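The values are calculated or read from the model by the stated rules, or taken from the named source; none is laboratory data. Note that the coordinates shown come from a computational prediction; the quantities given were computed from them, not determined experimentally. Ideal geometry is used to build each Cβ from the backbone, glycine not excepted, and the neighbour counts take in all protein chains shown. SASA here: full protein model, heavy atoms, side chains in, ligands and nucleic acids out. Shrake-Rupley method; radii C 1.70, N 1.55, O 1.52, S 1.80 Å.
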Amino acid sequence: MPLDNLNKEQYRSATSKIGHNLTIASAGTGKTSTIVGRIAYLIQNGTKPEHILLLTFTNKAALEMIERVASYFSKELASKIVSGTFHSVSYKLMKSMNIPITLKQPSELKTLFKSLYEKRVFPNDGETQPYDGGYLYDIYSLFLNSTYDDTFEDWMMNKNQAHKPYLMIYEDLFDQFNKLKKEHKYVNFDDLLLDMIAIQKTKNFPFHEILVDEYQDTNPLQNKLLEGFKSKSLFCVGDYDQSIYAFNGSDIGIISSFSTRYENSNLHTLTKNYRSTKPILDLANKVIEHNERIYEKKLEVVRTQNDHSPTLLAFDELYDQYEYISKNIKESKTPHDQIAVIYRNNSSADGIEANLRDFDIKSKRKGGHSFFDSREIKASLDMLVLIQNPNDMMAFIHLIEYGKNIGKAIAKDIFDALILLGNGNLAVGLTSPDPSIHTPYISTKTTNIQLGLFDDFIEMGSLAKFKDSNFNESFLGNPILKHPKLSKDGGEFLYKFYILFKELKRMKNPANLIDHIKKSKFFTSILDSLCTARAKQKDGSINESLKTRNLSKCNRRVETLKRLSHKHTNIKNFLNAMILGGGELSEGEGVNLLSIHASKGLEFKEVYIIDLMDGRFPNRTLMSKGGSLDEERRLFYVAVTRAKDILYLSYAKYDRIKKLDFIYSPFLVESGLIKKQTKEDNDK
């Protein structure tokens, strides 16, 4: 049984009395085994599995823990445990209550927000410029996660008072955005938590104990949700030295104040590290000890192998670093899937990825832009969304804005017109429009100078521009073609969409749908547009060879999506699985290229931490925007403790392309790998 395999500290934690328990579990100390042991202890002592809630940082982590529980008990029993991230658990609970919601990726709703933003006119005070639409969306999300009781105005005044002239427009935009989401029943990850917190006020949930993994990365909104379940027993596991999500609203004060917020709480510490060798762990500890100690801890290394001390690599030029590391990996005896290259900034990944390719070394990249951030995958999924729900405004806008001279605003006009023509049903408006409606485009804006709104009337255009087009009679008679700004090319793009939509409506299987989408004229025209833009040179010419490679890469990605769909027979289930778990997937095989945030929770035999130059790591730009040296030091600690056996740390002194000089990271000094330069040294 799980408890039989635990050491004394893990066992003491897993079998602690019902109540409020916090376990400080440093990197490699077996927190997963402890959590699984705790679940086993609860079940063995009479707690029904459906009364256990397991909250994890990733859905993958939850799945692995539930599988381990199933191996000791049964799949049927383990499946009754409610588990997943804060967001996925909220989604499951709301769906179990038959609450009608349509889950959307943050990037999708950012597009909707930007379409509203683009219609506003901001006053020009000549000094501070308003945030652009995308950044304002991110700021609003950070506000929601960073605080629960503050108003946006109060929060913003503490952050940046220079934006006071724009606050009224900002807040009205948020109101319009939230009303539009509510109208279409759209929710993003923030809404899942906010809606669940509202539900908790009128409904009690039967969770006898809640287990929380990675507790150090909990943000105030998540903590509000956690407290809202009103469970009498909490079992939280985390490590303050690995709190690295402040940029996303996480608050290290939540873990540090646990003992004061919960009376009679119990504190446990896991001190035996099973992952890294002593030299690697010693280096990590030397650096992290420069941070203030919240809870005292002293790690004990269990492993006895000390074959490789951490190695410092110094280079005169930035790309010499990437080339050397690629060559070193080529000659390494470590299997490539057990090697990781870890970086602070995503810009570092491009150089190492290109050099690995030159050495014919396969790699997979996670962090930054994921597989599901690629526009070709988004387009494929948006088409599936429209088959499942033709009235999905965001999916429609995302696809139709690819048409030449269309864009977001015209795409939304066309969507509204089709809804009107179909008497509330876009599919009907597209294929069998109401013949009594001749003018489907109407303006809804009103004049309000304070809120940046002005009247905008649409006059109908002529259909003569489409007389030479190869449209069938049914489509040619659709009033949506009367939009005055719809070009001939735009109309032909809409026709390709119309043909594909009609064909797909007869299909149900996700894999067959994706295959048909991939081969359609509509989708190939989107790929051609994307790959042409990606192959455009500075002088405006198109690199045809690069375009061909990009097309091949796009098609491979769509094939990957098709493979992911094989285990799903239902479009809705497949789409939900991709949205809730998509960010945890990585593409390809070979050497792991990881941002530090993406490396969290993983371990590798051989690790390279690159670009350790002051300014890059620690990232001084992010520090100036609200970060801290302590947070950067925790990032370094996380990166180092991913390594089990072999660790390389590298930096360069010069970037030839940008003509920048670098100095080594202060963390290399704190680790003892570089001697700090003194005034006497400089005078020699």
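Things worth noting here:
- Summing charges over neighbours of residue 28, with a neighbour being any other residue whose Cβ is under 14 Å away from its Cβ, gives +3 when K and R count +1 and D and E count -1.
- Acute angle (nearest 10 degrees) that the helix 86-96 long axis makes with the longest principal axis of the chain, alpha-carbon atoms: 50 degrees
- Burial order of peptide ranges 484-497, 394-407 (average beta-carbon count within 10 Å, highest first): 394-407, 484-497
- With the simple spin-label model, which puts each label point 7 Å out from Cα in the Cβ direction, the residue 536 to residue 152 separation comes to 3.2 nm.
- The residue among 279, 253, 240 whose Cα reaches farthest toward the positive pole of the charge dipole of region 224-279, with charges on the beta-carbon of Lys, Arg, Asp and Glu, is 279.
- Alpha-carbon geometry of region 614-665: the Rg and the Dmax are 13.0, 36 Å, given in that order.
- Bins of 10 Å, starting at 0 and running to the largest distance - Cα pair percent for the chain: 3, 13, 21, 24, 21, 12, 5, 1, 0, 0
- Unit charges on C-beta of K, R, D, E only; dipole of region 1-151, Debye: 700 debye
- Unit charges at the beta carbon, dipole of the chain: most positive-side option, 374, 643, 432: 432
- Working value for region 475-516: equivalent-ellipsoid semi-axes of 27, 10, 6 Å, each the square root of 5 times a Cα gyration tensor eigenvalue, largest first.
- Over region 196-342, volume per residue of the alpha carbon convex hull, in Å³: 187 Å³
- Pair-distance distribution P(r) for region 589-684, from all Cα-Cα distances in 5 Å bins starting at 0: 3, 11, 20, 22, 20, 15, 7, 2, 1, 0, 0 percent.
- Rounded to the nearest angstrom and listed largest first, the equivalent-ellipsoid semi-axes of region 86-131 from its Cα gyration tensor are 36, 11, 8.
- Annotation: extensible slack from residue 605 through residue 67 equals 191.2 nm (criterion: 0.36 nm per residue apart, minus Cα-Cα distance).
- Hull volume in cubic angstrom per residue (convex hull over the Cα atoms of region 79-188): 116 Å³
- Three semi-axes describe the equivalent ellipsoid of region 14-126; taken as square roots of 5 times the Cα gyration tensor eigenvalues and ordered largest first, they are 40, 19, 13 Å.
- Taking 26 Å as the limit for the C-alpha separation, the pairs 110/572; 92/518; 330/658; 298/600 exceed it in the case of 92/518; 330/658.
- Solvent exposure of region 1-108 as accessible area per residue, Å², 1.4 Å probe: 42 Å²
- Comparing region 292-443 with the 2.2 N^0.38 Å rule of thumb, its C-alpha radius of gyration ratio is 1.81 (two decimals).
- Rounded to the nearest 20, the size of the Cβ-charge dipole of region 37-83 about its Cα centre is 40 debye, with Lys and Arg at +1 and Asp and Glu at -1.
- With K and R counted +1 and D and E -1, the other residues having a Cβ less than 9 Å from that of residue 646 yield a net charge of -1.
- Three principal axis lengths of region 170-273 [C-alpha, angstrom, descending]: 52, 33, 23
- Remark: region 187-247 projects, on average over all directions, an area of 4.7 nm² (convex hull of Cα atoms).
- Spin-label model, residue 92/residue 303: points 7 Å from Cα along the beta carbon direction are separated by 3.3 nm.
- Hydrodynamic estimate: the Kirkwood radius of region 336-416 over Cα pairs, inserted into Stokes-Einstein at 20 °C and 1.002 mPa s, corresponds to D of 138 µm²/s.
- Accessible-area composition of the chain, carbon plus sulfur, in percent [1.4 Å probe]: 49 percent
- Gyration tensor verdict on region 463-609 (Cα atoms; rounded if a/c is under 1.5, prolate if a/b is larger than b/c, oblate otherwise): oblate
- Given +1 at the Cβ of Lys and Arg, -1 at the Cβ of Asp and Glu and no other charges, the dipole of the chain around its Cα centre is 1760 debye to the nearest 20.
- Cβ-based net charge around residue 420, under 14 Å, with every Lys or Arg adding one and every Asp or Glu removing one: -1
- Based on the convex hull around the alpha carbon atoms, region 154-231 presents an average projected area of 7.2 nm².
- If R0 is taken as 41 Å, the Cβ-Cβ distance between residue 524 and residue 182 corresponds to a FRET efficiency of 0.65.
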